[in-house]
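Remarks on the structure that follows.
The values are calculated or read from the model by the stated rules, or taken from the named source; none is laboratory data. Computed from a prediction, not measured in an experiment: that's the story for all the values here. Here Cβ is always computed from backbone atoms with ideal geometry, including for glycine, and neighbour counts include all displayed protein chains.
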Amino acid sequence: MAKLNIATVTRAVDEMLLRTDDLRHRQILENYRRHAILEVINEWKEILAADMTVEHPVYYVNVDGASTTLDGYEQVSQFYGALEHSESTVMVPEDEKLAVADWGFASEAIVNFFVSGVAASAAFQRGESKLDADPEKFYVIRRRMSMQWLYDERGRLIGEHVYEHADHVEIREVPESEFITLNEAREKLLPLLRPLPVFESAN
């Protein structure tokens with residue numbers, strides 16, 4: 001596969017912002033855009049700031065053959081901390097489709113996760129498949145994913161519902177030249193990061 005462009009992380013939401021006038025919907029989309037960049041570059045603590053996420057978020061996560069409920073700030077923090085520890089935050093969506101409404105947004109995409117051999121093996125130990133990846137090599141895990149994220153009236157994240165279609169998960173070994181490191185992601189995405197707009201009520 002040709003090397004993916006990490007800067008396309010925000011492509012779908014940027015295109016939707018161009019055709020969205022509703023203030024509440026724009027606030028939601030700007031929140032999602034900022035969240036996506038911060039997650040990929042492993043600055044997850046900023047995601048849980050008071051202007052981005054409610055005090056008690058709830059996530060429903062269904063990936064790697066496991067269904068998990070993350071109930072509250074501490075459990076969500078532990079989830080992001082585990083991603084940081086496994087160095088598996090770098091991801092690039094392909095063909096993302098978005099829809100936004102007052103309640104939040106829905107998304108479907110093929111998501112490419114760039115992981116080391118160690119992280120790749122760990123990701124396939126919780127489901128039925130087992131994988132012994134070479135810890136010295138580089139891998140991309142491709143997942144077909146659907147998400148629904150809920151937001152409050154101020155455009156702050158209430159919670160994520162994340163679902164993987166397990167039948168479409170595949171893993172590819174890639175040469176180092178096609179692998180996107182966290183440092184590269186930070187270099188390309190930090191210039192695209194912008195503050196949230198000042199909240200304006202649509203009423």
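Details
- Among (1) closer than 17 Å to residue 189 by Cβ; (2) at pLDDT 95 or above; (3) assigned to a helix (DSSP H, G or I) - the single one residue 26 does not satisfy: (1)
- Among the residues of segment 42-88, those that are on the phi > 0 side of the Ramachandran plot and either of a type in the set (Lys, Arg) or touching a helix residue (DSSP H, G or I) at 6+ places or on another chain (Cβ under 9 Å) (or both) comprise 42, 64, 65, 87.
- Residue in segment 59-72 that is in a helix (DSSP H, G or I) and not charged (D, E, K, R) present: no
- Matching residues in segment 60-89 - criterion: being touching a residue at least 12 places away in the same chain (Cβ under 8 Å), within 21 Å of residue 157 (Cα to Cα) and aliphatic (A, V, I, L, M): 61, 63, 70, 76, 83
- Members of segment 12-44 that are without any contact (Cβ under 8 Å) to a residue 24 or more places away in the chain and under 17 Å from residue 77 (Cα atoms): 43
- Taken over segment 40-63, residues that are surrounded by 17 or more Cβ atoms within 10 Å (Cβ to Cβ) and either touching a His at 6+ places or on another chain (Cβ under 6 Å) or hydroxyl-bearing (Ser, Thr, Tyr) (or both) amount to 3.
- Some residue of segment 147-161 being buried (at least 16 other Cβ atoms within 10 Å of the Cβ), within 25 Å of residue 7 (Cβ to Cβ) and at pLDDT below 95: no
- Being of a type in the set (Val, Ile, Thr), under 19 Å from residue 187 (Cα atoms), in a loop (DSSP other than H, G, I, E, B) and in contact with a strand residue (DSSP E or B) (Cβ under 9 Å, 6 or more places away or on another chain) is a condition met by at least one residue of segment 84-102.
- The set of residues in segment 168-180 that are surrounded by 15 or more Cβ atoms within 10 Å (Cβ to Cβ) and in a loop (DSSP other than H, G, I, E, B) comprises 169, 179, 180.
- Number of the exception - residue 132 against (1) of a type in the set (Asp, Glu); (2) modelled with pLDDT under 95; (3) within 22 Å of residue 3 (Cα to Cα): (3)
- If the condition is being within 18 Å of the chain's Cα centre (by Cα) and either β-branched (Val, Ile, Thr) or in a helix (DSSP H, G or I) (or both), then segment 149-167 contributes 158, 162, 166.
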